[in-house]
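The values are calculated or read from the model by the stated rules, or taken from the named source; none is laboratory data. Only a predicted model underlies this, so the values are computations on that prediction, with no experimental measurement involved. For neighbour counting, all protein chains shown are included, and Cβ atoms are generated from backbone atoms with ideal geometry for every residue, glycine included.
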Amino acid sequence: MASHSDTQRSTAPPTSRRPKAAGEQRTSKESLLVGGVQARSDFVGRRLPGIARFPQRLSKAEYYAAAYPLMFLSRRIEERLLELYKKGYVKGTVTDSWGNEATAVGMTLPLRPGRDVVSIWHRDLAGHLLLGATPYQLFCQYMANAESITHAREGNCHHGDAARRRFPMMSHLGKMTSLVVGGTWAARREGEDVFGLAVVGDGASSSGEIHESMNLASVQKVPVLFLIENNHYSFSTPTSFQYRCRHLADRAHGYGISGYTINGLDSWEVYSTVCDAMEAMRADSLPVIIECMTLRLNGHAAYDKGDYVPDETKQRWLEQDPLPAARRKLFETCGMSEPDVRVMEEMVDEEVNSAMTKAMSVGRPGPKMAPVSPFAEAPPTKVKPYNSPAVKNGEAVGRALDYLLEHNPNAFLMGLDVGAYGSAFKTCKGLFQRHGGERVLDMPVCESAQVGFALGASQIDARPIIEFQFADFSTEVATQLGMNCGTWHFRAGRPAPLLLRLPCGGGLTMGAFHSGEFEGLWSRFPGLKLLYPATAGETFEAIVAGFHDPNPCLVFEHKQLYWSRAGEIDFDGDLAAVWRPRRYTEGNELTLVAFGAMVHEALAVAARGGRSIEVWNPFVLQPMEIDPILESVSKTGRLLVAQESGERQGLGDRVISLVCRKALGALKCPPRLVASPNTPIPFAPELEAIHRPNGQRIEEAIESMFREDS
């Protein structure tokens, strides 16, 4: 494959081959071990001792001797899965690979299991077998039994082995591609000779994150093979409704990379083209797009009869089934006899039936397998203390980031304009100059792909820190952050240590798209931790503790407080002590809970006197520790919550609900919530001042509560 940016249609596999290395001569009439299945091999006087991986290449005879048993094994497993589905043993459904086996084997066989970073899909069962899954594991997964790969927590095809860089897929099309880019980047950052394989379908090619990921990989020069399995239908929608370009690989022009459209039914052509692509990527580190024209011989899944495909098309497809074609290659290319092939197939059948029988004997999952928490457990950690007087909140952000980059070689900062410019609010000023462009990365405008990139990198032992330019822009990543990162530990059994910083809040007359907080939105996703500091010391602690936590941690930084507030940083290095609510004043008449900038409004009210007010900041918004606040309410008998978000958007109602559920008898009057109206934040300063709560509104609410109680 040429390493240029022109796309082309390949009609034949490349002819260049490497010379055989010394010691590669192989003896005849010995066993061939492929995918856990042993088959007799008598072709051209050679045998395959395992499977040669890139940069080695197999001869055509060696390739088909390895590929056909895997293709046959994949087909047989899925035939049994469909039978078990009809009998009620398989849960959910079955999305099979029939017609795609040639592509699945050809694209995966060159890869190095546990080394290259991979995301393969529901029609790539043979690829899972090549990368380490066993037939028994796959049967258990589809049956959702007690030995399921995902501990029966995830759907049948949503499995992988994240610890060995085979990332488990999710159903939101295209979202996995950015993880492969990030994981491959992180491994190469550590000096590993690694490639990525990100598989997408013709339907998924229409989704936004595909384009974000391809562009990001090109800009960052990350050698990821984006392989498009074009089987002509996305569920029931034909490709004529998906795109107008001649070939999907033509899109490579727009990213300045190479793209190729090939015959995905010819497994040897797929294998050869992938090997060539890996050689090209080794030379220039640029990603490559390969579009494989393949088939889906059945409907989208077991419940789909595929009636929308014309009968003549179905018949033509059946005649192009790659499995019989690969079988013929054993006779034409390998010189094998019909009895030899039958022995091979019988041994595959024996392996499949044995695995299925064993899996059917496994019990159902029980209550002990149900996770108690969506969070990975954080071990107690002590880090280097840090002290500094009279630091503004914005300075505290920069100092925390500098502290983390200095003491953690695997840490890196990424976001929009965080490099030489120092970020939109200058909280990252000087970091690019001190730590360099490899650790402080200016990224394209692709928030969702950025988060996916960070998640993938976190699985290769990198520790990403992401800055959203504004918290409002975090809404771009709802699926990637809320449903992929947040569920990662639950699904994949691996921590997902990401730190995400969200400059938030109003008061700077920036209007509806630059002034939101969104802590209420992100609290709705399990598996995410949320911290909302109000002082310089809390800001430093939140960033450092969130970085060291093994879960995705969001730190909300109120923009109005960046340069208007100053305080001391007195961090003793005890990370466990950070995760607690903060009490600023003691009182016995009213408990006042406040978030973000409202903390300082509440403190100003308490300082004016007249009432004995205990001011609290929950600080950790998820998982929220409510017990200290309950104790305060039990003492004061009154609860007032002040938040900048609208009453239906913030977490004030959550605090009130928990107090009412657990300490209702202690309340002398109904709790109150001071919040913004349930409208977007207006732009003009006069209107914004009316919109946002302030000390006067807090005082009015307090006096109203005491009048009601009297």
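In the stretch 344-357, the residues that are closer than 22 Å to Leu330 by Cβ reach residues that are in a helix (DSSP H, G or I) and charged (D, E, K, R) with C-beta atoms within less than 7 angstrom, at least six apart or across chains, in these pairs: Val348/Arg76; Asp349/Arg76; Val352/Arg76; Val352/Arg80. Scanning the stretch 358-372 for residues that are surrounded by fewer than 16 Cβ atoms within 10 Å (Cβ to Cβ) and either in contact (Cβ under 8 Å) with a residue 24 or more places away in the chain or part of a helix (DSSP H, G or I) (or both) yields a count of 10. Residues that are under 39 Å from the mean Cα position of the chain (by Cα), modelled with pLDDT of 95 or more and surrounded by 14 or more Cβ atoms within 10 Å (Cβ to Cβ) within the stretch 309-343 comprise Gln320, Asp321, Pro322, Leu323, Ala325, Ala326, Arg327, listed in sequence order.
When Arg399, Arg463, Arg434 are checked against the criterion of being under 16 Å from Ala186 (Cα atoms) and either of a type outside the set (Phe, Trp, Tyr) or modelled with pLDDT under 95 (or both), Arg463 stands alone in meeting it. Residues in the stretch 549-582 that are in a loop (DSSP other than H, G, I, E, B) and within 13 Å of Thr535 (Cβ to Cβ) were compared, and the one that is modelled with the highest pLDDT is Tyr562.
Taking the criterion of being touching a residue at least 12 places away in the same chain (Cβ under 8 Å), in a helix (DSSP H, G or I) and more than 26 Å from the chain's Cα centre (by Cα), the residues of the stretch 228-260 that qualify are Thr239, Asp250, His253. Condition test on Phe540, is it assigned to a helix (DSSP H, G or I), crowded, with 24+ Cβ neighbours inside 10 Å, at negative phi and aromatic (Phe, Trp, Tyr)? So Phe540 passes the test. Of all the criteria given as (1) in contact (Cβ under 8 Å) with a residue 12 or more places away in the chain; (2) among the hydrophobic types (A, V, I, L, M, F, W, C); (3) more than 22 Å from Gly520 (Cα to Cα), the one not satisfied by Ala675 is (3).
Do you know which residues across the stretch 275-298 are more than 25 Å from the chain's Cα centre (by Cα) and aliphatic (A, V, I, L, M)? Ala277, Ala280, Ala283, Met293, Leu295, Leu297 - these are the residues of the stretch 275-298 that are more than 25 Å from the chain's Cα centre (by Cα) and aliphatic (A, V, I, L, M).
Within the stretch 390-423, being among the hydrophobic types (A, V, I, L, M, F, W, C) and assigned to a loop (DSSP other than H, G, I, E, B) holds for Leu416, Val418, Ala420. In the stretch 313-324, the count of residues that are without any contact (Cβ under 8 Å) to a residue 24 or more places away in the chain and among the polar types (S, T, N, Q) is one or more. Checked against the criterion of being within 24 Å of His122 (Cα to Cα) and assigned by TED's automatic domain parsing to the domain that holds Gly203, the stretch 329-348 has no qualifying residue.
Considering the stretch 657-710, the residues that are farther than 23 Å from Leu603 by Cβ and small (Gly, Ala, Ser) include one that is farthest from the chain's Cα centre (by Cα), namely Ser710. Looking only at residues that are free of Cβ contacts under 8 Å to residues at least 40 places away in the same chain and of a type in the set (S, T, N, Q) in the stretch 120-149, which one is surrounded by the most Cβ atoms within 10 Å (Cβ to Cβ)? Restricting to residues being free of Cβ contacts under 8 Å to residues at least 40 places away in the same chain and of a type in the set (S, T, N, Q), the top hit is Gln141. Of all the criteria given as (1) in the same structural domain as Ala534 (by TED's automatic domain parsing); (2) at positive phi; (3) out of contact with any strand residue (DSSP E or B) (no Cβ under 8 Å at 6 or more places or on another chain); (4) of a type outside the set (D, E, K, R), the one not satisfied by Gly609 is (1).
Taken over the stretch 482-496, the criterion of being within 15 Å of Pro464 (Cβ to Cβ) and of a type in the set (A, V, I, L, M, F, W, C) is satisfied by Cys485, Trp488, Ala496. Checked against (1) out of contact with any Leu (no Cβ under 6 Å at 6 or more places or on another chain); (2) at pLDDT 95 or above, Ala301 passes all but a single condition, namely (2).
In summary, Phe619 fulfils each of the numbered conditions (1) at pLDDT 95 or above; (2) more than 20 Å from Arg580 (Cβ to Cβ) with the single exception of condition (2). In the stretch 206-227, the condition of being surrounded by fewer than 24 Cβ atoms within 10 Å (Cβ to Cβ), in a strand (DSSP E or B) and among the aromatic types (Phe, Trp, Tyr) is met by no residue. Tallying residues that are closer than 13 Å to Thr636 by Cα and of a type in the set (D, E, K, R) within the stretch 585-618 yields 4.
Taken over the stretch 59-110, the criterion of being polar (S, T, N, Q), under 31 Å from the mean Cα position of the chain (by Cα) and either outside the structural domain of Ile290 (by TED's automatic domain parsing) or over 23 Å from Ser236 (Cβ atoms) (or both) is satisfied by Ser74, Thr108. Residues in the stretch 404-438 that are of a type in the set (S, T, N, Q) and within 23 Å of Glu476 (Cβ to Cβ) were compared, and the one that is farthest from the chain's Cα centre (by Cα) is Thr427. Applying a threshold of 6 Å to beta carbon distances and a minimum spacing of six or more residues, or different chains, the list of pairs starting in the stretch 462-484 at a residue that is assigned by TED's automatic domain parsing to the domain that holds Glu557 and ending at one that is among the aliphatic types (A, V, I, L, M) and surrounded by fewer than 24 Cβ atoms within 10 Å (Cβ to Cβ) reads Arg463/Ala411; Ile466/Met414; Gln469/Leu416; Gln469/Ala424; Asn484/Met170. Taking the numbered list (1) surrounded by fewer than 24 Cβ atoms within 10 Å (Cβ to Cβ); (2) on the phi > 0 side of the Ramachandran plot in turn, Gly174 passes all entries but (1).
Taking the criterion of being surrounded by fewer than 23 Cβ atoms within 10 Å (Cβ to Cβ) and assigned to a loop (DSSP other than H, G, I, E, B), the residues of the stretch 270-295 that qualify are Ser285, Leu286. In the condition set (1) in contact with a Phe, Trp or Tyr (Cβ under 9 Å, 6 or more places away or on another chain); (2) part of a loop (DSSP other than H, G, I, E, B); (3) modelled with pLDDT of 95 or more, Arg153 is compliant with all but (3).
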